[in-house]
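Colleague: Sharing a structure below in structure tokens format, with a few things to ask.
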Amino acid sequence: MIQKLTILILIIGAGFTSFAQDTYLDAKVEETEKTYLGGETYKVKTFTQKFKSEKPKNIIFLIGDGMGVSHIFSGITANKGSLFLENCKYIGFSKTQSADNYITDSAAGATALSTGVRTNNGAIGVDVNNKPVKSILEEAEENGLATGLVSTSTITHATPASFIAHQPQRNMYEEIAADFLKTDIDVFIGGGKAHFTQRKDGRNLVEELKEKGYRYEEDLDKISKVKKGKLVALTADGDAGRMEQRGDMLPVSTKTAINILSKNDKGFFLMVEGSQIDWGGHAGSTIYIVEEMLDFDQTIGKALAFAAKDGKTLVVVTADHETGGMAITGGSIEEGIVQARYPTGGHTSVMVPIFAYGPGAKEFIGIMKNTDIHAKMRKLLFGN
């Protein structure tokens, strides 16, 4: 069972083409992968709910790709009753439909979150007419804020791409990579080195980024030690791999990004994606989903720890859509066991939860469109 998924992730990690990068969409697992039999747990800290301002100076926006309520409760069960996420007392729900489909894909879903505009499935940072739409990250740059992206997929994959690129199709990975050079983003960390260095046009975008003043790293230990300046970190040729391969890449990279971005006196905007919750849903693997949920929650913990100490940072956690139609059919909180079934290997149309912590968090209560999340963050951060 594990061997099957390990082979799958090795294929994904090695995939430089659009075909290989989307292999996870056709993943199949054995019946035993549908039950998580318990594992290591971690202690969850409760953070203060007192803040220094009414509106945030900084926003940390965390997207659990494919994360629905069942995915979250699988994490609560596996960690024997609690998650860092539970510090977020303000909770709402997001309607995720795209402009042309009742069931969104990650490109349209992330574009709605990043730009406040619903677009067609497959589109990256453009409207239904393929006209570029400014993202909240780009607007943050224009307002003098520091900006960053962190992801466990390739940094050119649909969700992170939608915050910085403008392309009609999500599989235009090399074109998306080139869009990074058109911005002043301060930090981006993820996989996808091949899209920057093994290109059809012969360009080496890593060298071009170095010429623009970026520090470049691949090793996680070195990444964790960077405290200032501009940083590009590409941890894999393709995607960052499953937990057994990438380790604590996501929480470590998130902490690094926060350390760097928080040096900006005007504030910062950081988007962090737990990409592979979605992939576990596509595969119908409870084990995969739980592993990714716990990793994502520990990353949320890093964001909350900073926000609690800082007092001027809003943390927003949501999903672009739900994947797999995950139904928890059995389990034990005492033993950390989760059993689930999946009616689909694709996305579903159900609402997904929104969690918020910090100044302005109360704005995220209730049922809203995915585009409303963008509007609320934008108003809180820029005042208009």
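Colleague: Can you tell me which residue in the stretch 223-253 is surrounded by the fewest Cβ atoms within 10 Å (Cβ to Cβ), limited to those that are of a type in the set (S, T, N, Q) and not in a loop (DSSP other than H, G, I, E, B)?
Modeller: Start the filter on the stretch 223-253 by keeping residues that are of a type in the set (S, T, N, Q), which leaves 224, 235, 245, 253.
With not in a loop (DSSP other than H, G, I, E, B) added as a condition, the list becomes 224, 245, 253.
Details: S224: 17, Q245: 14, S253: 29.
The residue in question is Q245.
Colleague: Out of everything in the stretch 180-199 that is more than 15 Å from the chain's Cα centre (by Cα) and within 14 Å of F268 (Cβ to Cβ), what residue ends up being surrounded by the most Cβ atoms within 10 Å (Cβ to Cβ)?
Modeller: The qualifying residue surrounded by the most Cβ atoms within 10 Å (Cβ to Cβ) is D186.
Colleague: Here's a follow-up. Being within 19 Å of V29 (Cα to Cα), modelled with pLDDT of 95 or more, touching a Ser or Thr at 6+ places or on another chain (Cβ under 7 Å) and not charged (D, E, K, R) narrows it down to one of G325, G274, G336, so name that one. Break it down stepwise before answering.
Modeller: Working: G274 fails: within 19 Å of V29 (Cα to Cα); G336 fails: within 19 Å of V29 (Cα to Cα).
Exactly one residue qualifies, and that residue is G325.
Colleague: Give the residues of the stretch 28-47 that are surrounded by 12 or more Cβ atoms within 10 Å (Cβ to Cβ) and not in a loop (DSSP other than H, G, I, E, B), sorted by residue number.
Modeller: Of everything in the stretch 28-47, those that are surrounded by 12 or more Cβ atoms within 10 Å (Cβ to Cβ) and not in a loop (DSSP other than H, G, I, E, B) turn out to be T32, E33, K34, T35, Y36.
Colleague: Moving to a separate point now. Look through the stretch 140-172, keep the residues that are closer than 24 Å to K228 by Cα and more than 19 Å from the chain's Cα centre (by Cα), and return whichever of them is surrounded by the most Cβ atoms within 10 Å (Cβ to Cβ).
Modeller: The selected residue is L145.
Colleague: Sort through A78, A107, A112 and tell me the only one that's in contact (Cβ under 8 Å) with a residue 60 or more places away in the chain, buried (at least 20 other Cβ atoms within 10 Å of the Cβ), of a type outside the set (F, W, Y) and within 19 Å of A178 (Cα to Cα).
Modeller: From the options A78, A107, A112, the qualifying one is A107.
Colleague: Here is a follow-up. Taking I124 as meeting all but one of (1) surrounded by fewer than 24 Cβ atoms within 10 Å (Cβ to Cβ); (2) touching a residue at least 12 places away in the same chain (Cβ under 8 Å); (3) more than 16 Å from D295 (Cβ to Cβ), write down the number of the exception.
Modeller: (1)
Colleague: So how many residues does the stretch 326-355 have that are out of contact with any helix residue (DSSP H, G or I) (no Cβ under 8 Å at 6 or more places or on another chain) and either aromatic (F, W, Y) or in a loop (DSSP other than H, G, I, E, B) (or both)?
Modeller: 7
Colleague: Right, next: Does the stretch 356-374 contain any residue that is among the acidic types (D, E) and either assigned to a loop (DSSP other than H, G, I, E, B) or at pLDDT below 95 (or both)?
Modeller: Initial filter on the stretch 356-374 (among the acidic types (D, E)): 363, 372.
If we keep only those that are either assigned to a loop (DSSP other than H, G, I, E, B) or at pLDDT below 95 (or both) as well, we get none.
Within the stretch 356-374 (the criterion being among the acidic types (D, E) and either assigned to a loop (DSSP other than H, G, I, E, B) or at pLDDT below 95 (or both)), the answer is no, since none of the residues qualifies.
Colleague: Going through T299, T256 one at a time, which residue ends up being in a helix (DSSP H, G or I), within 23 Å of S135 (Cβ to Cβ) and in contact with a Gly (Cβ under 8 Å, 6 or more places away or on another chain)? Quick ask: steps written out before the conclusion?
Modeller: On the way: T256 fails: in contact with a Gly (Cβ under 8 Å, 6 or more places away or on another chain).
After ruling out the rest, the residue left standing is T299.
Colleague: Okay, moving on. I'm told M293 meets every condition in (1) surrounded by 24 or more Cβ atoms within 10 Å (Cβ to Cβ); (2) of a type in the set (A, V, I, L, M, F, W, C); (3) within 22 Å of K50 (Cα to Cα); (4) touching a helix residue (DSSP H, G or I) at 6+ places or on another chain (Cβ under 6 Å) except one. Can you identify the failing condition by its number?
Modeller: (3)
Colleague: Take the conditions out of contact with any Leu (no Cβ under 8 Å at 6 or more places or on another chain), more than 17 Å from F61 (Cβ to Cβ), part of a helix (DSSP H, G or I) and not aromatic (F, W, Y) and apply them to G281. Does it pass? Can you show your working first?
Modeller: Values: out of contact with any Leu (no Cβ under 8 Å at 6 or more places or on another chain): yes; more than 17 Å from F61 (Cβ to Cβ): yes; part of a helix (DSSP H, G or I): yes; not aromatic (F, W, Y): yes.
It is true that G281 is out of contact with any Leu (no Cβ under 8 Å at 6 or more places or on another chain), more than 17 Å from F61 (Cβ to Cβ), part of a helix (DSSP H, G or I) and not aromatic (F, W, Y).
Colleague: From (1) free of Cβ contacts under 8 Å to residues at least 12 places away in the same chain; (2) farther than 15 Å from V252 by Cα, pick out the condition that doesn't hold for D179.
Modeller: That leaves (1) as the condition not met.
Colleague: Out of the stretch 307-330, which residues are over 22 Å from N58 (Cβ atoms) and surrounded by fewer than 24 Cβ atoms within 10 Å (Cβ to Cβ)?
Modeller: G325, A327, I328, T329, G330
Colleague: Please work out which one of (1) crowded, with 22+ Cβ neighbours inside 10 Å; (2) over 24 Å from A108 (Cα atoms) is the condition V352 fails and give its number.
Modeller: It is condition (2) that V352 fails.
Colleague: Could you say whether any residue in the stretch 258-272 is surrounded by fewer than 24 Cβ atoms within 10 Å (Cβ to Cβ), among the aromatic types (F, W, Y) and touching a residue at least 12 places away in the same chain (Cβ under 8 Å)?
Modeller: No; the residues of the stretch 258-272 include none that is surrounded by fewer than 24 Cβ atoms within 10 Å (Cβ to Cβ), among the aromatic types (F, W, Y) and touching a residue at least 12 places away in the same chain (Cβ under 8 Å).
Colleague: Does the stretch 200-220 contain at least one residue that is surrounded by fewer than 20 Cβ atoms within 10 Å (Cβ to Cβ), in a helix (DSSP H, G or I), touching a residue at least 12 places away in the same chain (Cβ under 8 Å) and among the acidic types (D, E)?
Modeller: Yes, the stretch 200-220 contains a residue that is surrounded by fewer than 20 Cβ atoms within 10 Å (Cβ to Cβ), in a helix (DSSP H, G or I), touching a residue at least 12 places away in the same chain (Cβ under 8 Å) and among the acidic types (D, E).
Colleague: Does I124 satisfy the criteria of being closer than 17 Å to H321 by Cβ and in contact with a helix residue (DSSP H, G or I) (Cβ under 6 Å, 6 or more places away or on another chain)?
Modeller: On the way: closer than 17 Å to H321 by Cβ: yes; in contact with a helix residue (DSSP H, G or I) (Cβ under 6 Å, 6 or more places away or on another chain): yes.
Yes, satisfied.
The values are calculated or read from the model by the stated rules, or taken from the named source; none is laboratory data. A quick note: this is a predicted structure, and the numbers were derived from the prediction, not measured. Every residue, glycine as well, gets a Cβ built from its backbone with ideal geometry; the counts of neighbours run over all protein chains shown.
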